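Visitor: Would you mind keeping the following structure in view while I ask a few things?
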Amino acid sequence: MTNGERMDVDLPQTVAEVTAAFAGYEEALVTDDQDGITGYFWNSPGTVRFGIADQQAGVDEIRDWRRRQPPLPPGRKLFDTRISTFGTDYAVVTTLFAYPGGTAVGRQTQAWTRFPAGWRIVSAHVSEVPEESSRPAV
């Protein structure tokens, strides 16, 4: 940082908190707990989610979209998950994901912020790379 600014990056306690929040979100996602999933998003019209072939602005659109989606295919595996925290109130989580027998590698990025109610996703982006060569064994 410049001008004498200092930022605490990857404080162990903050990383642990975000890791737990992300694990809770992932559990809700793979068990199709729709209220649980949307409960991890900031309850605001400013929340944004870009999906593979969709986009939502605001938690109400995210909730409505999620309710129309079928459950995820079984066997979702995460790999190369990285959690970076900045100070005690902001984090970025990136991960790759794949499904058994699938040909695409999914990429997921989430910006998390600490609110009085806990850690919430304020922005999310999901995309896919359809290259078999970039896919790990699942």
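Visitor: Quick check on my filter: what residues within segment 77-94 are surrounded by fewer than 18 Cβ atoms within 10 Å (Cβ to Cβ), under 15 Å from the mean Cα position of the chain (by Cα) and not hydrophobic (A, V, I, L, M, F, W, C)? So that I can check it myself, show each step before the final result.
Guide: Our first condition is that a residue be surrounded by fewer than 18 Cβ atoms within 10 Å (Cβ to Cβ); within segment 77-94, this holds for 77-82, 84, 86-90, 92, 94.
Subsequent filtering for residues that are under 15 Å from the mean Cα position of the chain (by Cα) retains 77-82, 84, 90, 92, 94.
Matches in segment 77-94: K77, D80, T81, R82, S84, Y90, T94.
Visitor: Among G118, G102, which is the only one that is within 19 Å of Q13 (Cβ to Cβ) and surrounded by 12 or more Cβ atoms within 10 Å (Cβ to Cβ)?
Guide: Result: G118 is the single residue among G118, G102 that is within 19 Å of Q13 (Cβ to Cβ) and surrounded by 12 or more Cβ atoms within 10 Å (Cβ to Cβ).
Visitor: Is it the case, given these coordinates, that A20 is exposed (fewer than 14 other Cβ atoms within 10 Å of the Cβ), without any contact (Cβ under 8 Å) to a residue 24 or more places away in the chain and within 15 Å of the chain's Cα centre (by Cα)? Walk me through it before giving the result.
Guide: Values: exposed (fewer than 14 other Cβ atoms within 10 Å of the Cβ): yes; without any contact (Cβ under 8 Å) to a residue 24 or more places away in the chain: yes; within 15 Å of the chain's Cα centre (by Cα): yes.
Here the answer is yes, as A20 does meet what is asked.
Visitor: In this structure, does T88 turn out to be part of a loop (DSSP other than H, G, I, E, B) and within 21 Å of D10 (Cβ to Cβ)?
Guide: yes
Visitor: Sticking with this one: From (1) out of contact with any strand residue (DSSP E or B) (no Cβ under 6 Å at 6 or more places or on another chain); (2) surrounded by 15 or more Cβ atoms within 10 Å (Cβ to Cβ); (3) among the polar types (S, T, N, Q); (4) over 25 Å from P116 (Cα atoms), pick out the condition that doesn't hold for Q34.
Guide: (4)
Visitor: Could you look through segment 45-72, keep only residues that are assigned to a loop (DSSP other than H, G, I, E, B) and surrounded by 14 or more Cβ atoms within 10 Å (Cβ to Cβ), and pick out the one that is farthest from the chain's Cα centre (by Cα)? Reasoning before the result, please.
Guide: Kept after step one, since they are assigned to a loop (DSSP other than H, G, I, E, B), are these residues of segment 45-72: 45-47, 51-54, 58, 69-72.
Subsequent filtering for residues that are surrounded by 14 or more Cβ atoms within 10 Å (Cβ to Cβ) retains 47, 51, 58.
Values: T47: 13, G51: 11, G58: 16 Å.
That would be G58.
Visitor: Continuing with the same structure: H125 passes all but one of (1) of a type outside the set (S, T, N, Q); (2) under 27 Å from R6 (Cα atoms); (3) under 11 Å from the mean Cα position of the chain (by Cα); which number fails?
Guide: Result: H125 passes all but (2).
Visitor: Does at least one position in segment 122-136 carry a residue that is hydrophobic (A, V, I, L, M, F, W, C), touching a helix residue (DSSP H, G or I) at 6+ places or on another chain (Cβ under 7 Å) and either within 17 Å of A21 (Cα to Cα) or surrounded by 14 or more Cβ atoms within 10 Å (Cβ to Cβ) (or both)? Give the steps one after another, and end with the answer.
Guide: Step one: of segment 122-136, the residues hydrophobic (A, V, I, L, M, F, W, C) are 122, 124, 126, 129.
From what is left, the residues that are touching a helix residue (DSSP H, G or I) at 6+ places or on another chain (Cβ under 7 Å) are none.
No, there is no match, as no residue in segment 122-136 is hydrophobic (A, V, I, L, M, F, W, C), touching a helix residue (DSSP H, G or I) at 6+ places or on another chain (Cβ under 7 Å) and either within 17 Å of A21 (Cα to Cα) or surrounded by 14 or more Cβ atoms within 10 Å (Cβ to Cβ) (or both).
Visitor: Within segment 73-84, track down each residue that is touching a Phe, Trp or Tyr at 6+ places or on another chain (Cβ under 7 Å) and either part of a loop (DSSP other than H, G, I, E, B) or more than 26 Å from T14 (Cα to Cα) (or both).
Guide: P73, G75, R76
Visitor: Which residues, counting only those in segment 35-71, are among the aliphatic types (A, V, I, L, M) and either at pLDDT below 95 or in contact with a Lys or Arg (Cβ under 7 Å, 6 or more places away or on another chain) (or both)?
Guide: I37, I52, A53, I62
The values are calculated or read from the model by the stated rules, or taken from the named source; none is laboratory data. Just so it is clear, the model here is predicted, and its values are computed rather than measured. When we count neighbours, we look across all protein chains shown, and the Cβ atoms used for this are built from the backbone with ideal geometry, even at glycine.
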